[in-house]
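See structure below.
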Amino acid sequence: MSESVVEPVKVGRYRDAEREFWAVRAADARSVRELRMPFDMWAAIGPPGWVLGPDRPLEELRSLPPVRPGARVFGVEQANPDDDSYARPLLGWIKPATALIGAGATMRFPAHTTALDCEPEVVVVIGRAVSRRATPTDAVLGWTLGGDTSVRDVGRPTGAADLYTMKAQDEASPVGPTIVIGPADDVLRDSPRTIAVDDAPADPITAAVDDLAAVLLFLDERCRLRPGDLVFTGTGRRPTPVAGRWLAEGGRVRISAAGADDLEVVVGAKERARRPSRWSSSSPEVLGV
């Protein structure tokens, strides 16, 4: 007798004509049931104690990035993913919440780049504060998919990588569409993700971090993690550009991983420059951070 497969619980954030709300997505992805509880409460107690509303057709709703308003967005990866030595320092940054877009949205194409790239990543969602007495990963609510969109030809105007220009572009990093409720350790370790542009074949991409507890402590030592915060976990050994080519106007970007809902967006028209670039665009130094 074959064992039945238990579908993971998935939660998304949606907007109707009047307001925004969190909801549990049905297994057939055709409807949702609103979570009628504050985020802190439902994130802490888990699905058995949730209070849900009636079914609502998903086609009538707009999918939003599954991030709590006011939450922070962090990124962490090993500084030298190709270094197999024991000492591999962590590298971190912060994205503004305005950098995030939801499934089905249009990705902004900044004027000041000819090398727009997107890395498929597992994004960990924090459900409660990191306790000093408990295992750090107990703070995890679940995980979702994300595209860490980067401007690769930023150069080194100050002698180091300009991570602000590279990582913090408004309306450029897709996230979602849903949070898979549960631990993220196995996903980071065992579930490669792919990114495809216009249905071109893509190679699986692995995680850049192999110790989620260490990542959470690294962040929490600097900024106390709060419920709703997101953590981009980077990519491991990968080509540049990750998708096999730089992103272009009108391109359809699809990020996939086992157990998650596909995340798909469209690249918008390239913006017009308002001033000359401060670095050479004729032969840019491409940075793979």
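Number of residues in the stretch 187-238 that are outside any loop (DSSP other than H, G, I, E, B) and among the polar types (S, T, N, Q): the value is 2. Annotation: TYR164 fulfils all but one of (1) on the phi < 0 side of the Ramachandran plot; (2) touching a strand residue (DSSP E or B) at 6+ places or on another chain (Cβ under 8 Å); the unmet one is (2). Taking the criterion of being over 28 Å from the mean Cα position of the chain (by Cα) and either at pLDDT 95 or above or of a type outside the set (Lys, Arg) (or both), the only residue of the stretch 255-276 that qualifies is PRO276.
From the list ALA111, ALA103, ALA134, the one residue that fits, being under 13 Å from the mean Cα position of the chain (by Cα) and either in the same structural domain as GLY250 (by TED's automatic domain parsing) or outside any strand (DSSP E or B) (or both), is ALA103. For ARG152, the requirement of being closer than 27 Å to GLY268 by Cα and touching a residue at least 40 places away in the same chain (Cβ under 8 Å) is met. Taking residues in the stretch 185-205 that are in the same structural domain as VAL215 (by TED's automatic domain parsing), and partners anywhere that are assigned to a helix (DSSP H, G or I), the pairs with Cβ atoms closer than 7 Å and at least 6 places apart or on different chains are ASP185/THR137; ASP185/LEU212; LEU188/LEU212. The condition of being farther than 20 Å from ASP153 by Cβ and surrounded by fewer than 16 Cβ atoms within 10 Å (Cβ to Cβ) holds for only one of ALA258, ALA196, ALA248, ALA208, that being ALA258. Looking at the stretch 60-79, is at least one residue modelled with pLDDT under 90 and buried (at least 18 other Cβ atoms within 10 Å of the Cβ)? Within the stretch 60-79, one or more residues are modelled with pLDDT under 90 and buried (at least 18 other Cβ atoms within 10 Å of the Cβ). Kindly establish whether PRO38 is modelled with pLDDT of 95 or more, surrounded by 13 or more Cβ atoms within 10 Å (Cβ to Cβ) and of a type outside the set (S, T, N, Q). Answer is no for this residue. Considered as a group, the residues in the stretch 122-147 that are over 17 Å from ALA71 (Cβ atoms) and of a type in the set (D, E, K, R) include one that is modelled with the lowest pLDDT, and that residue is ARG133. The residues of the stretch 166-215 that are among the β-branched types (Val, Ile, Thr) and closer than 23 Å to ARG252 by Cα, listed by number, are VAL175, THR178, ILE179, THR194, ILE195, VAL197, ILE205, THR206.
Within the stretch 153-187, the residues that satisfy the criterion of being in contact with a Ser or Thr (Cβ under 8 Å, 6 or more places away or on another chain), surrounded by fewer than 22 Cβ atoms within 10 Å (Cβ to Cβ) and modelled with pLDDT under 95 are GLY155, MET166, PRO183, ASP185. Determine which member of the set ARG237, ARG222 is of a type outside the set (S, T, N, Q), farther than 22 Å from ALA115 by Cα and in the same structural domain as PRO120 (by TED's automatic domain parsing). Unique residue meeting the criteria: ARG222.
The values are calculated or read from the model by the stated rules, or taken from the named source; none is laboratory data. Since the model is a prediction, treat every value here as computed from it, not as a measurement. Using ideal geometry, Cβ is built from the backbone for each residue, glycine included, and neighbour counts are taken over all protein chains shown.
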